[in-house]
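> Quick one: the structure is below, questions incoming.
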Amino acid sequence: MNPHDHRPGDPHSLHPPGVEERSSDRPSGVPLIELANVSYRYGSSPALDNVSLKIWPGQFMAIVGPNGGGKTTLLRAILGMVEVTQGKILIKGKEPQRSASNRIGYVPQLETIDWNFPITVEEIIAMGFFVEHRWFRGIGEKERRKLHEIMERLHLDGLGSRHIRELSGGQQQAAFIGRALLGDPELILLDEPASGLDIRSRDDVIHFLHEINHQKVAVVLTSHDLNWVAAHLPWAVCLKHRLIAEGRPNEIFNAAVLKEVYSGDLVVFRQDGMVMIGERPHAPHD
Amino acid sequence: MSILIPFDYEFFRNGFIAAVIIGALCGFIGVFVVLRRMSYIGHGLSHAIFGGAVLSYVLKINFFIGAGVWALLAGGLIHLISHRRWVGADAAIGVVTTSSFALGVAIISTHRTFTRNIEAALFGNILGITPTDLWIVVITSLIVFCALLLIRRQLLFSTFDPEVASAYGVSTGKIDLIFVTLLAITVLASTQILGVTLVAAAIVIPPVIARYLTRGFHRLLILSPVIGALCGAAGMCLSFYFDISSAATIVLTSTALFVALEVGLWIGRLGHRR
C-alpha cells in the first residue's frame, strides 16, 4: 500500500486524529530515503535481507518486528553507521554524503544512556549544535534562543539546569528528541522511544512526535508495542530481516501477517475501526 | 612564620608553579578519563613511561624525548589492541603497560647504577625541577589544554553517547586516538613532577571530588582543574612545613578533601534521616 492512498477523515490517515491534513504532505516525486534491495549480515546471520522501502517527506512510520529482526540495523543503515553488504540507500535520490550533513536526527534507546553521567538537560540538547559548530565557536545569543524555543516546544522550559536523571521518562525522551531537533532535521529516527515508559510518559512522547511531524518533519520509530503503534501511528512496516508487510496498521496487523512476523499465534480484535493485538493464552496443563 | 617564606627559594617557586599547572592539567583531562571509565589507563601509562624513562637514561637521551616517544607508542598500542573486539581496553592497558614497566626493571637490573633520575621517575622530583623542565611543563600543558578545548564537543559527545556521536559525524575512532595521545603527553609531563606511582591519583581524584559539587558537565570541566591546581598549591606548602615528600603531600591533600566531602555528605544524610 502506498502512503499516497490515505483518505481524508480516515482515523488511520497520514495524520494523527485532530490534525488537519496538509496537501504539501503528499509524497512528491523523490522520497526522503529510499532503500533498494538492501541486505546486511552480522557474520553469518542476516540482519536485513533484500529490504526495499521508501520514506517520504512528512511521513510518520513505525517499524515493528521481533527482537533481532533488523529494526535497529535498518535505522543504523539509514544513518550510515553500518555499510550495507548489498543494495543501496539513497537520500533524496542521491548517494549519502557525510552522515552529519544529511539532516537526519537520531534518538537512541534510553536503555543505552549512562544515567550517572554528570550532564544537565540543557547540555544534552545543546549537543545537537555539534553538527554546525564543531570547533571553537561557542553558543551565542541566536543559538541560545533556538535552544530555549525547542525546550519550550517540548515542555522542558525551566528544567534546563536539572540533571537528566531527575526528569520523568517522557521528559527524558523529550530531551533527546530536542537534541535531534536542534539540527533542523527533515527526518527523525527513534529507536524504541516508548520502551520502558509508563502509559503517561508514552502518551507525552507520542504527543511530542505528532507535534514534530505536524511541522513537516518525517518521523520513523521502532517499537515492540503493536497496540501503541496501531492506536497512534498512521503507517507501519513489519520487518523480520525482510519486509513482510507495509501499510496502515489496521490493515496490515492481521493474524496471518503477525504470525509470519512473530512466528506465533496472536489474537487480533477489531472494534470501531481500531485494531488491538493480544497474546493467545496457553492452554492450562492438567 | 610567614606563609610566604618558602617562596624565597627558587626551587620551591619552580616546584609550586609546576604543581599548580600539572594539577590543573591532570584535573582537566581527568574529567574525560573518569567519565570514559579509563582511570586505569592513567595508572598504566605512567608505568609504561617508566620503561621509556629508564631507556632514555641508559641511552643518555633527554627524558622528555625518550619517554615521550615511548609514551606515544604505548598509547597507540593500547588504542590498537583495545579496538580488537575480543580484547577489552583494561586488558590492553594491562598487557602494554606492565610489559613496559617490566622492561624498565629489566634494564635497571643490568645497569646496576640505580640513580636519582630513576628514583625521580618513580616517586617524582618536584623540588629538583629546573627552569628548562618548567618551560617544558608550561608549553606541554598549554598544547594539551588547547587541543582538549578544540575537541571538547567531540569528546563530550563521544564520551556520553558514542553511537549517536558517530551518527552525527563524529569520528569516534580518531577522537579516541587523539585523546589517548594527549593523555600520554599529560602523563609524561606529570611523571617528572609526581612520579610514576602517583600520577594516576592526580588525574582521577580532582574530577571525582568535583562530581560531588556539580551535576553539570561544563561546571565539572571548570571545577576539576581548579581543585587540581588548589591541591597542587596546598600540597606544596604543606610539604614544605611538614617536611614530607611534595608529590605524596599533593595526592594526600586531594585525598583528604575527598574524604572530608564524603564524611560531610554522610553526616548530612544522617541528619536528614533524623
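The values are calculated or read from the model by the stated rules, or taken from the named source; none is laboratory data. This one's a predicted model, so the numbers in the text were calculated from it and none came from an experiment. Reconstructed Cβ throughout: ideal geometry from the backbone, glycine too, with neighbour counts over all protein chains shown.
> Which of the residues spanning the range A:165-174 are surrounded by 24 or more Cβ atoms within 10 Å (Cβ to Cβ) and among the hydrophobic types (A, V, I, L, M, F, W, C)? Let's see the steps before the verdict.
Filtering the range A:165-174 down to residues surrounded by 24 or more Cβ atoms within 10 Å (Cβ to Cβ) leaves A:173-174.
Once the filter is applied, which keeps residues that are surrounded by 24 or more Cβ atoms within 10 Å (Cβ to Cβ) and among the hydrophobic types (A, V, I, L, M, F, W, C), the range A:165-174 yields only A:Ala174.
> Kindly check whether there is at least one residue in the range A:225-242 that is assigned to a loop (DSSP other than H, G, I, E, B) and among the polar types (S, T, N, Q). Full working, then the answer.
Start the filter on the range A:225-242 by keeping residues that are assigned to a loop (DSSP other than H, G, I, E, B), which leaves A:225, A:233-234, A:241.
With the extra rule that they be among the polar types (S, T, N, Q), the set shrinks to none.
No; the residues of the range A:225-242 include none that is assigned to a loop (DSSP other than H, G, I, E, B) and among the polar types (S, T, N, Q).
> In this structure, is B:Leu59 modelled with pLDDT of 75 or more, of a type in the set (A, V, I, L, M) and within 18 Å of B:Gln192 (Cβ to Cβ)? So that I can check it myself, show each step before the final result.
Working: modelled with pLDDT of 75 or more: yes; of a type in the set (A, V, I, L, M): yes; within 18 Å of B:Gln192 (Cβ to Cβ): yes.
Criteria met by B:Leu59.
> Yes or no: the range A:233-246 includes at least one residue that is β-branched (Val, Ile, Thr) and in contact with a Pro (Cβ under 8 Å, 6 or more places away or on another chain).
Filtering the range A:233-246 for residues β-branched (Val, Ile, Thr) gives A:237, A:244.
Cutting the leftovers down to in contact with a Pro (Cβ under 8 Å, 6 or more places away or on another chain) gives us none.
No, the range A:233-246 has no match at all.
> Okay, next question. Within the range A:235-260, can you find the residues that are in contact with a His (Cβ under 7 Å, 6 or more places away or on another chain) and surrounded by fewer than 22 Cβ atoms within 10 Å (Cβ to Cβ)? Can you show your working first?
Residues of the range A:235-260 in contact with a His (Cβ under 7 Å, 6 or more places away or on another chain): A:248-250.
Of everything in the range A:235-260, just one residue is in contact with a His (Cβ under 7 Å, 6 or more places away or on another chain) and surrounded by fewer than 22 Cβ atoms within 10 Å (Cβ to Cβ), namely A:Asn250.
> Based on what the data block shows, is B:Leu156 more than 10 Å from every other protein chain (Cβ to nearest Cβ) and either touching a residue at least 24 places away in the same chain (Cβ under 8 Å) or surrounded by 24 or more Cβ atoms within 10 Å (Cβ to Cβ) (or both)? Spell out how you get there, then give the answer.
Details: more than 10 Å from every other protein chain (Cβ to nearest Cβ): no; either touching a residue at least 24 places away in the same chain (Cβ under 8 Å) or surrounded by 24 or more Cβ atoms within 10 Å (Cβ to Cβ) (or both): yes.
Against the criterion (more than 10 Å from every other protein chain (Cβ to nearest Cβ) and either touching a residue at least 24 places away in the same chain (Cβ under 8 Å) or surrounded by 24 or more Cβ atoms within 10 Å (Cβ to Cβ) (or both)), B:Leu156 does not qualify.
> Can you tell which of B:Val187, B:Val180, B:Val208 is under 11 Å from the mean Cα position of the chain (by Cα) and on the phi < 0 side of the Ramachandran plot? Give the steps one after another, and end with the answer.
Values: B:Val180 fails: under 11 Å from the mean Cα position of the chain (by Cα); B:Val208 fails: under 11 Å from the mean Cα position of the chain (by Cα).
Of B:Val187, B:Val180, B:Val208, the one residue that is under 11 Å from the mean Cα position of the chain (by Cα) and on the phi < 0 side of the Ramachandran plot is B:Val187.
> Pairs under 9 Å by beta carbon, first residue away from every other protein chain (no Cβ under 11 Å) and at positive phi in the range A:68-82, partner aromatic (Phe, Trp, Tyr) and surrounded by fewer than 22 Cβ atoms within 10 Å (Cβ to Cβ), six or more apart or different chains?
Going by the 9 Å Cβ cut-off, the qualifying pairs are A:Gly70/A:Tyr40.
> Among the residues of the range A:163-170, is there at least one that is at pLDDT below 90, of a type in the set (A, V, I, L, M) and assigned to a helix (DSSP H, G or I)?
Initially, the range A:163-170 is screened for residues at pLDDT below 90, giving A:168-170.
Subsequent filtering for residues that are of a type in the set (A, V, I, L, M) retains none.
Among the residues of the range A:163-170, not one is at pLDDT below 90, of a type in the set (A, V, I, L, M) and assigned to a helix (DSSP H, G or I), which makes the answer no.
> So B:Thr197 clears everything in (1) surrounded by fewer than 24 Cβ atoms within 10 Å (Cβ to Cβ); (2) part of a helix (DSSP H, G or I) except one condition, right? Which one?
Of the numbered conditions (1) surrounded by fewer than 24 Cβ atoms within 10 Å (Cβ to Cβ); (2) part of a helix (DSSP H, G or I), the odd one out for B:Thr197 is (2).
> Looking only at the range A:159-173, decide whether some residue is out of contact with any Ser or Thr (no Cβ under 6 Å at 6 or more places or on another chain) and under 25 Å from A:Asn67 (Cα atoms).
yes
> Moving on. Counting only residues that are farther than 22 Å from B:Ala19 by Cβ and more than 7 Å from every other protein chain (Cβ to nearest Cβ), which one in the range B:203-227 is surrounded by the most Cβ atoms within 10 Å (Cβ to Cβ)? If you could, list the steps in order and put the result at the bottom.
Initially, the range B:203-227 is screened for residues farther than 22 Å from B:Ala19 by Cβ, giving B:211-212, B:214-219.
Those left that are additionally more than 7 Å from every other protein chain (Cβ to nearest Cβ): B:212, B:219.
On the way: B:Tyr212: 13, B:Arg219: 16.
The residue in question is B:Arg219.
> Taking the condition of being within 21 Å of A:Asp157 (Cβ to Cβ) and in contact (Cβ under 8 Å) with a residue 12 or more places away in the chain, how many residues in the range A:105-130 meet it? Explain how you work it out, then say what you get.
Applying the first criterion (within 21 Å of A:Asp157 (Cβ to Cβ)) to the range A:105-130 yields A:105, A:107, A:119-129.
Still in the list and also in contact (Cβ under 8 Å) with a residue 12 or more places away in the chain: A:105, A:107, A:119-122, A:124-129.
The number of residues fulfilling the criteria is 12.
> Let me ask something else. Go through the range A:53-91 and count every residue that is modelled with pLDDT of 95 or more and more than 15 Å from the chain's Cα centre (by Cα).
0
> Can you tell me which residues in the range B:95-110 are surrounded by 13 or more Cβ atoms within 10 Å (Cβ to Cβ) and modelled with pLDDT under 80?
Narrowing the range B:95-110 to residues surrounded by 13 or more Cβ atoms within 10 Å (Cβ to Cβ): B:95-104, B:107-108.
Residue satisfying the conditions is B:Ile108 alone.
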